[in-house]
Amino acid sequence: MDARRAAEQKAKQRLEVSLKIKQISSEISSLRNEIAHHEEKYQECEEYKQFIEGLTPTEWRKSHPFPELYFKDPKQLVDILQHLENQNMFLIQHCQEAEEAVERYKNKFNAVLEERDGSIIEMTNKKAICDQKFEEMKAQNKQNKYDGKFHYTNEIPQFELQELASQITDFHNKLGFDAVATGDASTMLKRIEDRMEELVKILADLDQNLVHDLLTEKQHKRRDQERAEKAAKKQKEQEEKTLKALQLATMPIKKKTGRPLLQRSIPLKAESREKREEQMRLEQAQREADQNLLFGPIWD
């Protein structure tokens with residue numbers, strides 16, 4: 001009985017020791033978890049401290065020892081971040097305004113370039129018109145140039161004098177002078193010369209816009225004439241087509257005689273009955289194989 005009681009006592013002691021060990025192990029595990037949690041918090045604090053230290057002004061750190069921190073209140077950092085954000089927004093807005101200004105000036109510059117190009121084209125056209133007029137005047141001067149020999153009045157035949165006087169009178173009257181008070185040939189020539197000098201001055205002072213308008217009107221007339229000629233040509237072609245169709249319609253119909261020609265074709269080869277049956281069996285076997293493949297069992 002004593003031995004049994006002693007054994008039970010020993011077993012009870014071992015159980016108590018085992019429970020105590022489990023309790024201590026649980027406490028150790030809890031302490032380790034808590035230590036790991038505090039170490040993680042400490043690491044976060046160290047990183048935050050390094051971040052704060054990185055934001056600390058260098059001049060302030062030179063005059064203050066290390067343990068002292070520049071930021072005493074979290075609101076200080078928030079205020080600085082808000083200030084930086086406002087500065088960034090201001091810079092972004094300023095950049096946008098600068099981009100808009102650059103775009104406006106770019107558009108103005110392009111408009112100036114287009115206007116300059118238009119002016120250059122207009123000046124080139126005016127120069128071409130003036131050159132053309134100059135060439136026409138040169139050609140007209142060449143036509144009006146007299147290369148023959150001058151004769152005295154008593155050396156010119158009477159019919160040439162009359163013809164010359166008639167031409168001078170006609171030209172004098174075309175310039176708008178009074179046909180009744182023509183006078184002699186010298187007076188008419190003097191009036192014609194004065195009138196020509198006036199016309200030359202008017203031509204020199206002529207507005208280029210008027211020249212452009214006259215040129216535009218001439219081009220419009222030319223286009224209208226081209227359109228009229230094109231319409232007349234088209235109408236003529238249509239009339240020719242209509243006439244040709246009427247001629248074809250009135251022509252007698254030629255009747256074809258004899259047998260109609262047929263195209264030659266290769267005669268079909270006649271298949272034997274055995275070949276047709278063999279072909280039908282092959283087609284039936286192929287259909288059964290397809291049905292079995294599509295709707296048959298998956299595994300044998």
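The values are calculated or read from the model by the stated rules, or taken from the named source; none is laboratory data. Just so it is clear, the model here is predicted, and its values are computed rather than measured.
Does region 204-212 contain any residue that is in a helix (DSSP H, G or I), of a type in the set (Asp, Glu) and either closer than 30 Å to ASN173 by Cα or at pLDDT below 70 (or both)?
Scanning region 204-212, I find no residue that is in a helix (DSSP H, G or I), of a type in the set (Asp, Glu) and either closer than 30 Å to ASN173 by Cα or at pLDDT below 70 (or both), so the answer is no.
Test of understanding: among LYS108, LYS12, LYS75, LYS49, which residue is of a type in the set (Lys, Arg), assigned to a helix (DSSP H, G or I) and over 60 Å from the mean Cα position of the chain (by Cα)? Reasoning before the result, please.
Numbers: LYS108 fails: over 60 Å from the mean Cα position of the chain (by Cα); LYS75 fails: over 60 Å from the mean Cα position of the chain (by Cα); LYS49 fails: over 60 Å from the mean Cα position of the chain (by Cα).
After applying the criteria, what remains is LYS12.
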